Amino acid sequence: MSRIAYVNGQYQPHSHANVHIEDRGYQFADGVYEVVTIVNSKMIDEEGHLQRLWRSLAELRIDAPMKAEPLKMVMREVVRRNGIVNGIIYLQVTRGVAPRDHPFPKNTPPALVMTAKRLSMDKAEKTAEKGVSVVTVPDIRWARCDIKSVSLLPNVLAKQAAKDNGAYEAFQIDADGMVTEGSSTNAWIVDQNGKVITRPTSNEILAGITRASLIRELEKKGVEFELRSFTVEELHNAREVFLTSSTSYVLPVVKVDEHVIGNGNPGSISMTLREIYREFMNAAS
């Protein structure tokens, strides 16, 4: 089955889908995006992702391309046309097409693009069973990381640094030596007493939707956790490390830089939390 994209009101073959050269997303990275996981043909945390989309749009003063219910209908049609059972749907909204000039254009409708693709659940499980490695890099991003902007060049450089070092992800370190988040994930540790720790939300990190759902599940099950910043030293010496994202779920980390975490295998707490999140996804789907 050939892939289908949605571009500004039209469903098009993915290979022929395009946007105007003066789309402000291309010219200025003047736009936002969301990625929603699909499991068993159902969207996971759809409401949370859409609420964050509306917030990002409002922060950048970009009009919503349509109301929530029509948007959901288009999302479902994109999923249907692509035959997605397990995978993701990507939404991008930019300020639209206008002659290149830095100030906001007047009377310009926002541009909306959606694509979808399949993902292998078996591959994700095999990755989790082995765990992944992480490197640390300086956090060189702007001061509004809470907006899910398409301006991702620092994240791209961080992810490439991870790839260059044979790692899955890069955790970013702020000027005070504290871990902020991964290039496309939220960072967590488990301290030597078994307490789960992750940085609180602020303008310095993205409020991850998977992160928020996992926190709610921890609260329901009475799992002890703490919202606070932690140092690189704490990261290196943690009992366990894991990361969360819409596509990685809860993923154990077994090595950070040159430091082996625990015994070099996925930790029991991380794997338990992964199972808790998987139960949440199964209930949603």
With the Cα gyration tensor of the range 1-88 giving a ≥ b ≥ c as the square roots of its eigenvalues, does the rule (a/c under 1.5 for rounded; else a/b larger than b/c for prolate; else oblate) give rounded, prolate or oblate? oblate
P(r) of the range 124-284 over all Cα-Cα pairs, 5 Å bins starting at 0, rounded to whole percent, reads 2, 9, 20, 24, 22, 15, 7, 1, 0
If the chain between TYR90 and HIS14 were fully stretched, how many nm would it gain, using 0.36 nm times the residue separation less the Cα-Cα distance? 26.1 nm
For the chain, what percent of Cα pairs sit more than 33 Å apart? 24
Determine, for ARG100, ARG95, ARG118, the number of other Cβ atoms within 10 Å of each Cβ, and report the residues in order from fewest to most. ARG100, ARG118, ARG95
Can you give the charge dipole size of the chain about its Cα centre, rounded to the nearest 20 debye, using +1 on the beta carbon of Lys and Arg and -1 on the beta carbon of Asp and Glu? 1040
Rank GLY83, GLY25, GLY166 by mean-square fluctuation in a GNM of the chain with C-alpha springs under 10 angstrom and give only the top-ranked residue. GLY166
For q values of 0.15, 0.16 Å⁻¹, compute log₁₀ I(q)/I(0) with the Debye formula on a Cα-only model of the range 40-176, without solvent. -1.02, -1.12
Gaussian network model of the chain, Cα springs within a sub-10 Å range: biggest mean-square fluctuation belongs to which of THR37, THR180, THR127? THR127
The range 201-243 versus the range 57-132: alpha-carbon centroid distance in Å: 26
Listed pairs LYS130/LYS159; LYS106/LYS163; LYS72/LYS195 exceeding 30 Å between Cα atoms: LYS106/LYS163; LYS72/LYS195
Distance (nanometres) between label positions extended 7 Å along Cα→Cβ at ARG100 and GLN51: 4.0
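Every number in this text was worked out from the coordinates using simple rules, so none of it is lab data. Bear in mind the structure is a predicted one, so any value in this text is a computation, not a measurement. Neighbour counts are summed over all protein chains in view; Cβ atoms, including those assigned to glycine, are modelled from backbone coordinates with ideal geometry.
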